[in-house]
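Working notes for the structure below.
The values are calculated or read from the model by the stated rules, or taken from the named source; none is laboratory data. What you see is a predicted model, and the numbers here were worked out from it, not measured in a lab. Don't worry about glycine lacking a Cβ; one is built from the backbone with ideal geometry, like all the others, and counts go over all protein chains shown. These accessible areas exclude ligands, DNA and RNA; they are computed on the full protein's heavy atoms, side chains included. Shrake-Rupley method; radii C 1.70, N 1.55, O 1.52, S 1.80 Å.
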Amino acid sequence: MKHNFEILKRCPLFDHMDESDMEAMLACLSAKEYCAEKGQIIFYEGDPAVFVGIVLSGAVRVIREDYDGNRSIVAHMEAGEMFGESFACAGVKTLPVSVVAEETCRYLLIDCQRITVSCTNACAFHSRMIYNLLRLVASKNLAFNQKLEIISKRTTREKLIAFLMGQAKLQGKEAFTIPYDRQALADYLGVDRSGLSVEISKLRKEGTLFCEKNFFRLIRP
């Protein structure tokens, strides 16, 4: 497990914790490492909402599918980021979403109760970990509200511009990359791919946007 410490130190769950305590923490939490191939389902919708996942390498996506099989991307997580914590902490019985490996990845799974309920040894790091988890859940809720604001826009153009401006603000620059190809971006925004491509072409012709694959640059007038 020691080979994962550099990645885990980037995870918000372990903020302000010494590496010297990391091994004891993971043992106390009974963390287990798994691997998944690209496209493999890590959590299925309807699975018990009990585990918190931490991406160690590769990337995963949280997706939601409707009755007709239409897919919507809820979130994208890379190495050092967590998934499943909002549902596990909320106490819902089953997951309303699925988690799929976007590419070959490694990840840790931890029973959420191992984090939120102090062990019999009363480990000193537990209170800090609970605080970190609460901050992370609050941060994820803010991100979710920001997505709701984006997808509530009426047109594909408005959704696209709101998303790109949000990314520019988040990354602190007008030139940035996004973790989505065109189809995935359409799934994230909840729009038709062809309609999205049309709006991107219009913005490029207007001279307000430069893009190449998943690289975008906003051009101020």
Give the residues of segment 161-185 that are closer than 12 Å to PHE216 by Cα and crowded, with 18+ Cβ neighbours inside 10 Å, sorted by residue number.
-> ILE161, PHE163, LEU164, ILE178, TYR180
Only one of these is farther than 16 Å from GLY39 by Cβ, among the aromatic types (Phe, Trp, Tyr) and modelled with pLDDT under 80: PHE125, PHE83, PHE87. Name it.
-> PHE125
Qualifying positions in segment 127-158 - among the aliphatic types (A, V, I, L, M) and open to solvent by 80 Å² or more (accessible area, probe 1.4 Å) = LEU134, LEU142
Pairs where the first residue, in segment 186-213, is under 23 Å from ILE63 (Cβ atoms) and open to solvent by 50 Å² or more (accessible area, probe 1.4 Å) and the second is in a loop (DSSP other than H, G, I, E, B) and of a type in the set (S, T, N, Q), C-beta under 9 Å, 6+ apart = GLY190/ASN70
Filter segment 64-90 for residues that are open to solvent by 80 Å² or more (accessible area, probe 1.4 Å) and assigned to a strand (DSSP E or B) and give the result.
-> ARG64, GLU65, ARG71, GLU78
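Only one residue in GLU37, GLU6, GLU23 is modelled with pLDDT of 95 or more and open to solvent by 80 Å² or more (accessible area, probe 1.4 Å), so which one is that?
Only one candidate qualifies: GLU37.
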Filter segment 43-63 down to the residues that are small (Gly, Ala, Ser) and assigned to a strand (DSSP E or B), then identify the one that is farthest from ALA90 (Cα to Cα).
-> SER57
Residues of segment 12-40 classified as touching a residue at least 12 places away in the same chain (Cβ under 8 Å) and not in a helix (DSSP H, G or I), total | 14
